[in-house]
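Shown next, in structure tokens, is the structure this report addresses.
The values are calculated or read from the model by the stated rules, or taken from the named source; none is laboratory data. Worth saying up front: this structure is predicted, and the values here are computed from it rather than measured. So basically every Cβ, Gly included, is an ideal-geometry build from the backbone, and we count neighbours across all protein chains shown.
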Amino acid sequence: MFDIIQRDAMLQQMREDLTKVGVKELRTPEEVDAAMQHAKGTTVVFVNSVCGCAAGKARPGFALSLQNEIVPDNLFTVFAGQDKEATAKARTYFTDAPPSSPSIAFFKDGKFLGMMHRHQIEARSAEMIAGDLKNIYNKYFKKEAEQTIEQP
């Protein structure tokens with residue numbers, strides 16, 4: 001019983017790492033569809049995970065990236081391994097991208113631009129990830145930018 005309570009508290013903290021900085025959590029396929037279909041402008045979908053690279057790098061890096069002049073209009077998250085159906089539905093919007101968690105997907109006016117995959121996260125620091133994300137926001141999320149994000 002204690003293990004379940006401890007696990008649930010840990011998972012809640014992992015969720016709150018994102019929701020406390022303004023990211024809307026999507027827990028069902030219906031919530032994902034509604035959010036994605038009504039999102040205008042720029043959108044980021046953060047695929048959360050329990051792994052160490054999510055905890056020590058991706059979530060803190062993402063939070064730091066929001067300290068930027070240009071930020072996404074819509075911030076959403078799904079939790080891989082926890083909200084499986086919502087995550088599967090979100091991945092249907094990531095055109096031709098393989099499943100990856102943690103990962104961060106980028107959209108502009110409903111069009112999938114690209115994503116930062118786990119292999120682009122796990123070997124980098126939170127500060128480096130934040131810098132990469134800020135560069136993406138500054139280059140691709142400006143109102144006049146229309147390009148597809150190039151993969152490094």
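Of the residues making up region 62-109, those that are over 15 Å from Ser49 (Cβ atoms) and assigned to a helix (DSSP H, G or I) are Ala63, Leu64, Ser65, Glu85, Lys89.
Would you mention how many residues in region 76-94 are surrounded by 14 or more Cβ atoms within 10 Å (Cβ to Cβ), under 25 Å from Ala123 (Cβ atoms) and of a type outside the set (A, V, I, L, M)? The total comes to 6. Selection of region 1-21 for residues being touching a residue at least 12 places away in the same chain (Cβ under 8 Å) and under 19 Å from Ala86 (Cα atoms) yields Leu11, Met14, Arg15, Asp17, Leu18, Thr19. For region 95-140, which positions are surrounded by 15 or more Cβ atoms within 10 Å (Cβ to Cβ) and β-branched (Val, Ile, Thr)? Of everything in region 95-140, those that are surrounded by 15 or more Cβ atoms within 10 Å (Cβ to Cβ) and β-branched (Val, Ile, Thr) turn out to be Ile104, Ile121, Ile129, Ile136. Evaluated against (1) buried (at least 18 other Cβ atoms within 10 Å of the Cβ); (2) hydroxyl-bearing (Ser, Thr, Tyr); (3) out of contact with any Asp or Glu (no Cβ under 7 Å at 6 or more places or on another chain), Thr42 falls short on exactly one condition, (3). For Ala54, the conditions (1) touching a helix residue (DSSP H, G or I) at 6+ places or on another chain (Cβ under 7 Å); (2) surrounded by 19 or more Cβ atoms within 10 Å (Cβ to Cβ); (3) touching a residue at least 40 places away in the same chain (Cβ under 8 Å); (4) not aromatic (Phe, Trp, Tyr) are fulfilled apart from (1).
Exactly one residue among Met10, Met36 is over 15 Å from Ser101 (Cβ atoms), of a type outside the set (S, T, N, Q), assigned to a helix (DSSP H, G or I) and modelled with pLDDT of 95 or more, and that residue is Met36.
Condition check ((1) under 21 Å from Gly61 (Cα atoms); (2) in contact with an Asp or Glu (Cβ under 7 Å, 6 or more places away or on another chain); (3) in contact (Cβ under 8 Å) with a residue 24 or more places away in the chain) across all residues:
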residue	(1), (2), (3)
Lys84	no, no, no
Lys89	no, yes, yes
Tyr93	no, no, yes
Pro99	yes, no, no
Pro102	yes, no, yes
Lys111	no, no, no
Gly114	yes, no, yes
His119	yes, no, no
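Whenever a residue of region 26-42 is under 15 Å from Phe94 (Cα atoms), its partners that are of a type in the set (D, E, K, R), lying with C-beta atoms within less than 6 angstrom and at least six residues away or across chains, give the pairs Pro29/Glu85; Pro29/Lys89; Val32/Lys89; Thr42/Asp73; Thr42/Lys108. Restricted to region 13-33, and to residues there that are of a type in the set (Val, Ile, Thr) and out of contact with any strand residue (DSSP E or B) (no Cβ under 7 Å at 6 or more places or on another chain), the residue that is modelled with the lowest pLDDT is Val21.
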